[in-house]
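What follows is a short report on a single structure.
Just so you know, all these numbers are worked out from the coordinates, no wet-lab data involved. Values in this document were obtained by computation on a predicted structure and should not be read as measured data. All Cβ positions, even for glycine, are placed from backbone atoms using ideal geometry, and neighbour counts span all protein chains on display.
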Amino acid sequence: MRHSRALTVAGSVRTRSFGLRKMVLLIAAAVVLVWAGIAFAQEAYLSHRLSQQVSDLRRQNAQITAQNAGYQKDVQALTSGTADEEEARLNGYAKPNEKLYLVTTPPSPSPLPSASPSAKAH
């Protein structure tokens with residue numbers, strides 16, 4: 001049989017319910033939990049920021065792709081000569097044996113000159 005020592009002396013009241021060892025372990029566990037919570041919050045914030053940057057970059061890539069498609073269309077028009085023909089037509093030129101109809105807005109009426117010239121004293 002094993003002999004055990006009494007934790008308290010007979011007739012004394014035990015004032016501490018937690019021992020020092022339990023208190024240190026409780027504080028250490030609380031510190032670890034707070035540290036883990038802060039680390040989790042930092043990771044969540046970083047993940048959110050990175051996802052925002054990814055969406056911004058995807059939007060910019062879509063805009064650049066649209067611009068590149070327009071530039072590619074312009075390059076093809078310049079290399080095939082279509083752009084020169086279009087520019088010439090805008091300036092009023094036409095191909096030989098081609099009827100050209102020019103549609104414009106009617107000019108605004110000019111003010112009529114007065115019927116009698118004003119006489120100035122000499």
Q. In nm, to one decimal, how far is the residue 57 label point from the residue 43 one, both placed 7 Å along Cα→Cβ?
A. 2.1 nm
Q | Residue order, fewest to most surrounding Cβ atoms within 10 angstrom, among 47, 108 | A | 108, 47
Q. To the nearest 20 debye, what charge dipole does the range 20-90 have about its Cα centre, counting +1 at the Cβ of each Lys and Arg and -1 at the Cβ of each Asp and Glu?
A. 960 debye
